[in-house]
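See structure below.
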Amino acid sequence: MALMFMVMLSPGQAWAELVTLDLQPGLTARAEYRPGAGDKPAVLILHGFLQTHNFPTVHNLAEGLAAAGYSVLTPTLTLGVTHRRQSLPCEAIHTHSREGNMREFDAWLRWLRARGHRRVVLVGHSLGSAELLLYLQARRPSAVAHFIALSLVDTRSDFKANGLDQLRQTMQQRAARGDRQAQRHSLSFCRNFNAVPQTFASYLAITPDSLAAAARGLPIPATFIMGGGDERLGSGWIDRLRGTGKTVIVIPNASHFLDGEHEFELIDAVLSVLKQIA
Amino acid sequence: MPTLKLQQLYALFLLLAMMLLAILVIYARMSFQHIAQRAQDEADRAARAEIVRAVDNLGLRLRTIAEHLAMWDETRQHLANPEFYPLWRDVRVRDTGALPTSMRIALYRPNGEILAREPAAALPARLPHKGDAAALLKWDGAQPWLYYRFPVRVHPDADLILGYGVIRLDPLAEIRNLGPFRYADANSLSLVPGAVQIQRIADLAPYLQSRTQPNPILTAALDEVRRLSVYAALLALGLALAFLYTLRQLVVRPIRRLSAEIQALRDNPQAQAAGVAGYSTNLFELQQLRRSFEEYHQRLQQLHQEIQRSSQQFYQQARQDALTGVYNRRAFDEDRGRLEKDKRVDECTLILFDCDHFKAINDTYGHPLGDTIIRALATCLTQALRADDRLYRLGGDEFATLMPGAPIETALVVAERCLEQVGRYDFSQHGITEPVTISIGLAHSRAPFDLTTLHRHADLAMYTAKRPGHPKIAVYEHTLGGLASLVDNREISAVYEAIRQPQMLQFRYQPVMRLSDMVPDYCEALCRIRCDDQIIGPGAIFAIVHNRRLDVEFDLAVIQAVQRDLEADFPELRQGVSINLSAPGIVNDKVIDALLRLRAAFPTHKLVMEITETALITQMETASANIGRLREAGCLIALDDFGSGYSSLRYLASMPVDMVKFDMSLIHLLDKPERRLHALVEDIVRMVAGAGYGLVAEGIESASLLDQVVALGFTHGQGYHLDGLQSAAGRG
């Protein structure tokens, strides 16, 4: 795997390296890497659904953590687009899947290990935290010392529980038949998620129940930092997360993006969690 | 310069004004068109600049679109995995607005192969561009297509080219959409057909052509100029028509009416001008002209009336005798000419009046008194004539009146009334003691008239009336034709010829018998003129002589002719001869000298000079002196025609004559039965004889009359009765 480094100069900010990671021929992923102190765990922050590492919540948090001496890697999932630099619209033709994303997580964790980071804290925002949670549940990587989920959504769906299961099964069956017809579906906040059955089916696995279950069964410490004013969350979701036995931090009045005046509270909250790890 | 009517002049002016207006309009329009052409050139340049700018904008837009597409993750997504490339190309590109719907895109692999086959081969299967050319133009029939190529890299600065995108578009439609065009007409935009070799979008500009949009302002201005031209023409036409109407109403019509009125006044100068009220005009100048014309016409009428009065006066004066106030010779001639042409008059009488012995009166009493006599005669005649009769003074003491339609009987009544009126007039109030009488001659004719002949006839009649022993009123009859000599040119010529050639004169020597022994004592030379085998008698001769005032000349001719006969020793003349001398002759020295020479030539012959008493009245002293000279030379003087004319015993008493010849009118009284007349003659004879004069009786035409004169004591006698006796004695 060839690595290509690019250095970006951000005045007044920590040094950020633009790194690329060739995942397969014709598909290269991009990320920013902010090296920190060697005695501290590296932090991998994953952006929300279809976003990039340039998303403000991710970017600001990375800056904050880097400023605190932590090595921070903020990858952008390719979603099947090489060198993806832009958020991928819901209406774009989506052929990616959670499985492909998990492979990219694996690749980036390997990349961190190759850079000497033995302990890694995974931080995800929004649906990105959901993907990391399910990734940890599925792969249980040893290098991950802690998982911090920011604004973990419950992926509310218009489907009823049995309807969702039936849809997921239908999509899985179509995918199994090699059906590659892209269709528009409603997924979380994407009302026109134009995806092939395989893609849609993979993301339909993210459900409140699967997330709650994954949280409960997570073998590593996990912290859920939630916005007190997050209107995207379903009713009782935070409480349900609290019911998982994991730490739940609620930043009062913070929105789903934990931005603005709550940006520093977020950083403080994450740093407090990271200090506990140290 | 030819004479022009006012309307013609106006039409000429109007034509010139219209031509000037047309020239002005044409000049204005040409100037404006020149400006418009300049503006059009500017607009063409601006339109061209717009096209070039639009091409630049198209290039910029394509670059922007291409950069966006090249940097778009989804472009790389489908370039790397063309599974859903058609969906992306046909839907996503549209839905995201990454490519306008008017354009079409195709992705090509780095080796130039198209990523997926194009429906209907909208784009070629292989990259059509060559080299580094970004743009390519191809024609699909009449439709030009522009193919814009851009590379797709990982990132803009990367060398690795992931593939190419090619955008196909209709360049003309795109350029049109890049408007708005202010100058260029986008609808007319076209590419020069044929091979268009371009490398860049900017290379398109030279091949584009378009019309320039009409400048709305210029177009509007040109329309406005045209409209204003039409309005100006209509306004000019309207003004011209209005002016023509006004000119016609205010000027032409009044002038025409004024002209017609002047024409009417010319035809009928007595007509009155219609006046300002006759027609209306609001033009002050025409009103002034009208008033001036009326004043002029009034003045002209006044002058005309004055001229008419003067003319009438002159006419009357020209026809009026200045002395008497009656009509003159000119009026007589005019009236005579009119009368000749008047077909309504079927008969006419001409009366001539002549004062007897007027010359003697005039000479005796002087011209002023003669004029008084003339005026008095005119007054008398005017009073005697009928109211409508005109009295003409033909000259001297001669008057006339024409009486158209009057029969001779009526004229005679008038003539007698005139004679009586003159007779009643008291001429003594003017210092004239002798009676003033007139002789009247009348001539009558039925239509058609020859008033010249009528006048001659009246002349003859008047002369008849003048003759001693004739009534003072004479009517022309054919028997008076013998007196025609007065008016007969032939006889007048003969008299003149005889004066020049006295040998033409012939005499009938009538013996004057000595009654005591009945022996011719001498002969009286009674002259006549032979003319073309005709004899002109003494009546005609002396009428002409007296009328033409040829007395002296004729006396000299007679003396010369008598001398000829004396020299020829005519038997009748052996005892002596008596010669009638005219009154002018007795006072003429030439005549007296001729007689004295005749006396000297024939001293033994008895020469008797017979003079009329009228001769004695005029220049009495001269006459007396001459008579004295003749008597001294041995001539005898006989007073002729005693009793026929003036019979002034006072004159007779002082007359230096030797004999008195009693006129036959007096002698013939002896044949009258009235005793009174006999006694009168006897007394006169006795009185004259008692004064010592020898007595000669004329007109002895019978034996009884001879006896009576002998008995009365006449010493001499003559007459055809005595001629017969003398012839018988001669024959015996």
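One line per residue, one yes/no per condition, for (1) closer than 29 Å to B:A184 by Cβ; (2) open to solvent by less than 50 Å² (accessible area, probe 1.4 Å):
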residue: B:Y10; (1), (2): no, yes
residue: B:H34; (1), (2): yes, no
residue: B:V55; (1), (2): yes, yes
residue: B:N81; (1), (2): no, no
residue: B:L87; (1), (2): no, no
residue: B:N111; (1), (2): no, no
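Here is a yes/no grid of residues against (1) without any contact (Cβ under 8 Å) to a residue 24 or more places away in the chain; (2) outside the structural domain of B:R390 (by TED's automatic domain parsing); (3) open to solvent by 20 Å² or more (accessible area, probe 1.4 Å):
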{"site": "B:R338", "(1), (2), (3)": "yes, no, yes"}
{"site": "B:D346", "(1), (2), (3)": "no, no, yes"}
{"site": "B:T349", "(1), (2), (3)": "no, no, no"}
{"site": "B:C355", "(1), (2), (3)": "no, no, no"}
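To keep it simple, each residue is scored yes or no on (1) at pLDDT 95 or above; (2) in contact with a strand residue (DSSP E or B) (Cβ under 8 Å, 6 or more places away or on another chain); (3) open to solvent by less than 20 Å² (accessible area, probe 1.4 Å).
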| site | (1), (2), (3) |
| --- | --- |
| A:P208 | no, no, no |
| A:A212 | no, no, yes |
| A:L218 | no, yes, yes |
| A:A222 | yes, yes, yes |
| A:M226 | yes, yes, yes |
| A:R232 | no, no, no |
| A:G236 | no, no, no |
| A:V248 | yes, yes, no |
Which condition from (1) assigned to a helix (DSSP H, G or I); (2) of a type in the set (G, A, S); (3) within 14 Å of another protein chain (Cβ to nearest Cβ) is the one that B:A17 breaks?
(3)
Any chance B:T64 is within 14 Å of chain A (Cβ to nearest Cβ) and of a type in the set (V, I, T)
no
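I'm trying to understand the selection: among the residues of segment B:44-53, which are open to solvent by 50 Å² or more (accessible area, probe 1.4 Å) and either free of Cβ contacts under 8 Å to residues at least 60 places away in the same chain or out of contact with any helix residue (DSSP H, G or I) (no Cβ under 9 Å at 6 or more places or on another chain) (or both)? First the steps, then the outcome.
Start the filter on segment B:44-53 by keeping residues that are open to solvent by 50 Å² or more (accessible area, probe 1.4 Å), which leaves B:44-45, B:48, B:52-53.
The answer is B:D44, B:R45, B:R53.
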Are any of the residues in segment B:77-93 more than 9 Å from every other protein chain (Cβ to nearest Cβ), under 30 Å from B:I161 (Cβ atoms) and not in a helix (DSSP H, G or I)?
no
What are the residue pairs meeting all of these: first residue in segment B:589-605, first residue within 16 Å of B:A625 (Cα to Cα), second residue among the polar types (S, T, N, Q) and open to solvent by less than 30 Å² (accessible area, probe 1.4 Å), Cβ atoms under 7 Å, and 6 or more apart or on different chains?
B:I592/B:N626
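Please verify whether segment A:88-100 includes one or more residues that are free of Cβ contacts under 8 Å to residues at least 24 places away in the same chain and either over 30 Å from A:R184 (Cβ atoms) or not aliphatic (A, V, I, L, M) (or both).
Within segment A:88-100, the first condition is being free of Cβ contacts under 8 Å to residues at least 24 places away in the same chain, and the residues that meet it are A:100.
So of that shortlist, the ones also either over 30 Å from A:R184 (Cβ atoms) or not aliphatic (A, V, I, L, M) (or both) come out as A:100.
Yes, some residue in segment A:88-100 is free of Cβ contacts under 8 Å to residues at least 24 places away in the same chain and either over 30 Å from A:R184 (Cβ atoms) or not aliphatic (A, V, I, L, M) (or both).
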Looking at B:I175, B:I198, which is the one that is assigned by TED's automatic domain parsing to the domain that holds B:T64, of a type in the set (A, V, I, L, M, F, W, C) and in a loop (DSSP other than H, G, I, E, B)?
B:I198
Say whether the condition of being open to solvent by 20 Å² or more (accessible area, probe 1.4 Å), modelled with pLDDT of 85 or more and of a type in the set (D, E, K, R) is met by at least one residue in segment B:535-552.
no
Let me spell it out: the conditions are (1) of a type in the set (A, V, I, L, M, F, W, C); (2) open to solvent by 50 Å² or more (accessible area, probe 1.4 Å); (3) within 14 Å of another protein chain (Cβ to nearest Cβ); (4) free of Cβ contacts under 8 Å to residues at least 60 places away in the same chain, and B:W72 meets all of them except one. Which number is the exception?
(2)
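Just to be sure before I move on: is B:V154 closer than 23 Å to B:A22 by Cα and out of contact with any Asp or Glu (no Cβ under 7 Å at 6 or more places or on another chain) in the structure I sent? Show your work before the answer.
On the way: closer than 23 Å to B:A22 by Cα: no; out of contact with any Asp or Glu (no Cβ under 7 Å at 6 or more places or on another chain): yes.
No.
Consider B:Y108 carefully, then state whether it is more than 14 Å from chain A (Cβ to nearest Cβ), farther than 18 Å from B:S210 by Cβ and either among the hydroxyl-bearing types (S, T, Y) or touching a residue at least 40 places away in the same chain (Cβ under 8 Å) (or both). So that I can check it myself, show each step before the final result.
Details: more than 14 Å from chain A (Cβ to nearest Cβ): yes; farther than 18 Å from B:S210 by Cβ: yes; either among the hydroxyl-bearing types (S, T, Y) or touching a residue at least 40 places away in the same chain (Cβ under 8 Å) (or both): yes.
Yes; evaluated as a whole, the condition is true for this residue.
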Which residue, of B:R257, B:R200, B:R226, B:R253, is open to solvent by 40 Å² or more (accessible area, probe 1.4 Å) and under 30 Å from B:L60 (Cβ atoms)?
B:R200
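Just give me the residues in segment B:692-705 being part of a helix (DSSP H, G or I) and either closer than 22 Å to B:D658 by Cα or open to solvent by 30 Å² or more (accessible area, probe 1.4 Å) (or both), in sequence order.
Step one: of segment B:692-705, the residues part of a helix (DSSP H, G or I) are B:703-705.
If the condition is that a residue be part of a helix (DSSP H, G or I) and either closer than 22 Å to B:D658 by Cα or open to solvent by 30 Å² or more (accessible area, probe 1.4 Å) (or both), then B:A703, B:S704 are the ones that fit.
Can you name the residue in segment B:431-462 that is assigned to a helix (DSSP H, G or I) and open to solvent by 50 Å² or more (accessible area, probe 1.4 Å) and is also farthest from B:I374 (Cα to Cα) among such residues? Don't jump to the end; show me each part of the working.
If we filter segment B:431-462 for residues that are assigned to a helix (DSSP H, G or I), which is where we start, we get B:451-462.
Next, from what is left, pick out any that are open to solvent by 50 Å² or more (accessible area, probe 1.4 Å): B:452, B:456.
On the way: B:T452: 25, B:R456: 23 Å.
So the residue we want is B:T452.
Taking the stated definitions as given, is B:L6 surrounded by fewer than 14 Cβ atoms within 10 Å (Cβ to Cβ), more than 14 Å from chain A (Cβ to nearest Cβ) and in contact (Cβ under 8 Å) with a residue 40 or more places away in the chain?
Details: surrounded by fewer than 14 Cβ atoms within 10 Å (Cβ to Cβ): yes; more than 14 Å from chain A (Cβ to nearest Cβ): yes; in contact (Cβ under 8 Å) with a residue 40 or more places away in the chain: yes.
For B:L6, the condition - surrounded by fewer than 14 Cβ atoms within 10 Å (Cβ to Cβ), more than 14 Å from chain A (Cβ to nearest Cβ) and in contact (Cβ under 8 Å) with a residue 40 or more places away in the chain - is met.
Kindly indicate whether B:L115 is modelled with pLDDT of 90 or more, open to solvent by less than 20 Å² (accessible area, probe 1.4 Å), within 14 Å of chain A (Cβ to nearest Cβ) and more than 28 Å from B:D44 (Cβ to Cβ).
On the way: modelled with pLDDT of 90 or more: yes; open to solvent by less than 20 Å² (accessible area, probe 1.4 Å): yes; within 14 Å of chain A (Cβ to nearest Cβ): yes; more than 28 Å from B:D44 (Cβ to Cβ): yes.
Judged against the criteria, B:L115 is a match.
In segment A:162-180, is there at least one residue being part of a loop (DSSP other than H, G, I, E, B), small (G, A, S) and open to solvent by less than 10 Å² (accessible area, probe 1.4 Å)? Quick ask: steps written out before the conclusion?
Residues of segment A:162-180 part of a loop (DSSP other than H, G, I, E, B): A:177-180.
Those still in the list that are small (G, A, S) too: A:178.
Adding the requirement that they be open to solvent by less than 10 Å² (accessible area, probe 1.4 Å) leaves none.
Scanning segment A:162-180, I find no residue that is part of a loop (DSSP other than H, G, I, E, B), small (G, A, S) and open to solvent by less than 10 Å² (accessible area, probe 1.4 Å), so the answer is no.
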Could you tell me which numbered condition A:A269 fails, if it satisfies all but one of (1) touching a residue at least 60 places away in the same chain (Cβ under 8 Å); (2) among the aliphatic types (A, V, I, L, M); (3) assigned to a helix (DSSP H, G or I)?
(1)
On the basis of being more than 12 Å from chain A (Cβ to nearest Cβ) and part of a helix (DSSP H, G or I), does B:A47 make the cut?
yes
Every residue in segment B:128-170 that is away from chain A (no Cβ under 14 Å), in a strand (DSSP E or B) and touching a residue at least 60 places away in the same chain (Cβ under 8 Å), please.
B:A135, B:L136, B:L137, B:Y148, B:F150, B:P151, B:G165, B:V166, B:I167, B:R168, B:L169
Regarding B:R29, is this residue free of Cβ contacts under 8 Å to residues at least 60 places away in the same chain and part of a helix (DSSP H, G or I)?
no
Among the candidates B:V230, B:V225, which residue alone is touching a Phe, Trp or Tyr at 6+ places or on another chain (Cβ under 6 Å) and outside any strand (DSSP E or B)?
B:V225
Could you please give the count of residues in segment B:402-447 that are touching a residue at least 60 places away in the same chain (Cβ under 8 Å) and either out of contact with any strand residue (DSSP E or B) (no Cβ under 9 Å at 6 or more places or on another chain) or under 15 Å from B:C380 (Cα atoms) (or both)?
12
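The values are calculated or read from the model by the stated rules, or taken from the named source; none is laboratory data. None of these values were measured; they are calculated from a predicted model. Neighbour counts run over all protein chains shown; Cβ positions are idealised from the backbone, glycine included. Heavy atoms of the whole protein, side chains included, go into the accessibility calculation; ligands, DNA and RNA do not. Shrake-Rupley method; radii C 1.70, N 1.55, O 1.52, S 1.80 Å.
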